[in-house]
Amino acid sequence: MQYRTEKDSLGEKKVPAAAYYGVQTQRAVENFPVSGRPTHPAVRWAFLQQKKASALAHLDLKALPREIGDAIVAAADEALAGRYDDQFVVEEYQAGAGTSFNMNCNEVLANRAGEILGEPRGTYRKVHPNDHVNKGQSTNDTFPTALHVATLHLHRGVDAALAALERSLLRKGREFAGIPKSGRTHLQDAVPLTLGQEFTAMGRTVAHARRLLDEA
């Protein structure tokens, strides 16, 4: 495998030459080898939608040069079509409240947008991950936004799964209605109740969560 060398505030690091991601993504891959599972596809989709929307907003405000903004939007559209799925390599368990995956998205879009404008990957001379793709944003904004959008995107499937869980818990509540047990509060015996009451309470909690999701 061939490599290119990129540099950030921590120094130089080798990145696969063919990769659209960059040095900060490479550091994250090395720092967080926890589960081997990539960030959920719905979160990736939502992040890319958010990056595209940000570029369009900055173009509308004339806060981003036209050729750069158009290139970022084009790169985002290609990524949303699935062309670079294998480039989003930061796994779902990561530190920094999502900073690593935010930078994974920034670097992929910056490198592809730069390529559209005639620049080789890893130079960031025309399109920079922070200055252009992440313009006006912070991980503290992007990750909550993406999670909300992903939740809405997945709502139908999530609601069906929660409905099945609710039914199962309520069914067990009826099945265990006659089984007494001690309630526990901070590991001390509290008011006695039945195992059925406990399962019924869990089922009603899930029902409440479903209503909140619908309202959202």
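Every read-out reported here was derived from the displayed coordinates using simple, explicitly stated rules and does not represent laboratory data. No experiment lies behind these values; they were computed from the predicted model shown. Note: ideal-geometry Cβ built from the backbone for every residue, glycine included; neighbour counts use all protein chains shown.
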Q | Whole-Å semi-axes of region 43-87's equivalent ellipsoid (Cα gyration tensor) | A | 20, 11, 6
Q.
Quick check for me: using +1 on Lys/Arg Cβ and -1 on Asp/Glu Cβ, what's the dipole size of region 1-66 about its Cα centre, in debye to the nearest 20?
A. 160 debye
(Q) Apply the a/c threshold of 1.5 to the C-alpha gyration tensor of region 145-202 and tell me whether it is rounded, prolate or oblate. (A) oblate
Q. Taking the Cα centre of the chain as origin and charging only Cβ (+1 Lys, Arg; -1 Asp, Glu), how large is the dipole, in debye to the nearest 20?
A. 380 debye
Q.
Applying a 10 Å radius around every beta-carbon, put 129-138, 108-117 in order of their mean neighbour count, most first.
A. 108-117, 129-138
Q: Can you figure out the FRET efficiency of Glu215 with Ala57, using R₀ = 25 Å and their beta-carbon distance, to the nearest 0.05?
A: 0.35
Q: Decide, for region 1-113, between rounded, prolate and oblate: order the square roots of the alpha carbon gyration tensor eigenvalues as a ≥ b ≥ c, take rounded if a/c falls under 1.5, and otherwise choose prolate if a/b is larger than b/c, else oblate.
A: prolate
Q. Of Lys14/Lys51; Lys62/Lys135; Lys52/Lys135, which ones are farther than 22 Å apart at the Cα?
A. Lys14/Lys51
**Q.** Degrees between helix 41-60 axis and first principal axis of the chain (Cα, 0 to 90, nearest 10)
**A.** 50 degrees
**Q.** Of (1) 24, 21, 18; (2) 34, 22, 15; (3) 46, 20, 14, the label for semi-axes √(5λ) of the Cα gyration tensor in Å derived from the coordinates
**A.** (3)
**Q.** Cα long-axis angle, helix 139-175 against the chain (0 to 90 degrees, to the nearest 10)
**A.** 20 degrees
